[in-house]
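The values are calculated or read from the model by the stated rules, or taken from the named source; none is laboratory data. In this text the structure is predicted, and so the values were computed from the model without any measurement. Neighbour counts are summed over all protein chains in view; Cβ atoms, including those assigned to glycine, are modelled from backbone coordinates with ideal geometry. Accessible surface areas use protein heavy atoms only, side chains included; no ligands, DNA or RNA. Shrake-Rupley method; radii C 1.70, N 1.55, O 1.52, S 1.80 Å.
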Amino acid sequence: MGNGVKESTARVREDAEAILPSPVNSKSDHRQVLSSLLSGALAGALAKTAVAPLDRTKIIFQVSSKRFSAKEAFRLLYFTYLNEGFFSLWRGNSATMVRVVPYAAIQFSAHEEYKRILGRYYGFRGEALPPGPRLLAGALAGTTAASLTYPLDLVRARMAVTPKEMYSNIFHVFVRISREEGLKTLYHGFTPTVLGVIPYAGLSFFTYETLKSLHREYSGRPQPYPFERMIFGACAGLIGQSASYPLDVVRRRMQTAGVTGHPHASIVHTLRAIVREEGAVRGLYKGLSMNWLKGPIAVGISFTTFDLMQILLRHLQS
């Protein structure tokens, strides 16, 4: 009888210890979150700086009724360089960094957390999630990051399409928008952003994780080489951006309505106006070929940098 009570007590204690997180695990979790935040921030900064001139050119075409072509895009780049100087090609990049660094840090870190949460819920390890939860983890990560950093995205779009004289710096954009258009404007275009982020982030992370999983299965190697990661990231960017591109055009129009002469309108009105004035394919997919050039490069750099930084930090910690 006494032995039975002792065994029962010991079993309860073991169960409690298994459920309650130990201080070591808690410390390890904090370390993992900080590692993800740092890796994500660096990944976003490198990726966006690499493609900033192409990104700025794409935005200028998205918010105007000018017809897009590769020739016109490179002509715009060339004349911007001639008239405003080499570094003007990166105009608005400081605002991009202010947005991208926290956005990428939050997105990658949130993705790791959602993978762990969904992995526990479905009884899988994070890296071996089945397709549905894998897609959900990416969509939730993108939505979380977009919700927390949206005003910075709007400011960056305004700086990309306006002359230097209009806004002197990031804070000036915030002040002028708040004073002249109201604080509400800082979230103008938020709905199409979230609607676009769900397929974009969901498919990007899903594609990248799936390709890595298939690589492990068929190559027998636990980790892909850096150039293979770049290819997987490029495929992820191509699929994710193609799926969400029309909403990206709508978002840019709504964000820059106050400075381009377009009236502030809803998603449906903006969509109708673009289709009526420029056509469904020409208007809603304007600049997509530019995205097919810059998107895979940016996403490839981003995912590769994140993974390699994670490996390096884990190695340094151990």
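Taking every protein chain into account, the accessible area of the chain amounts to 52 square angstrom per residue (probe 1.4 Å).
Ligands, DNA and RNA excluded, the heavy atoms of Leu148 present near 120 Å² of accessible surface to a 1.4 Å solvent probe. Across the chain, the relative contact order, built from alpha-carbon pairs under 8 Å that are at least six residues apart, equals 24 percent. The chain gives an Rg/Rh value of 1.07, both radii derived from C-alpha positions and Rh following Kirkwood. Overall, the accessible surface of the chain at a probe of 1.4 angstrom is composed of carbon and sulfur to the extent of 65 percent.
Hey, how much of the P(r) for segment 91-183 falls beyond 20 Å, as a percent of Cα pairs? Here the long-distance tail beyond 20 Å is 49 percent of all Cα pairs in segment 91-183.
Pairs exceeding 28 Å between alpha-carbon atoms, taken from Lys48/Lys212; Lys115/Lys184; Lys48/Lys71; Lys48/Lys286; Lys58/Lys212: Lys115/Lys184; Lys58/Lys212. Run the numbers on segment 86-172 and let me know its relative contact order in percent, using alpha-carbon pairs under 8 Å that are six or more apart. For segment 86-172, the relative contact order is 41 percent. Accessible-area rank, largest first, for His215, His269: His269, His215, with all protein chains present and a 1.4 angstrom probe. Per-residue surface analysis assigns Trp90 an accessible area of about 70 Å², computed on protein heavy atoms at 1.4 Å probe radius.
Dividing the summed helix terms, -39500 (n - 2.57) for each DSSP H run of n ≥ 4, by the number of residues in the chain produces a 222 nm estimate of -27000 deg cm²/dmol to the nearest 500. For segment 128-167, the residues whose amide N sits under 13 Å from a probe point set 7 Å from the Cα of Ser213 along the beta carbon direction are 128-138.
The solvent-accessible area of Glu112, taken with every protein chain present and a 1.4 Å probe, is close to 40 Å².
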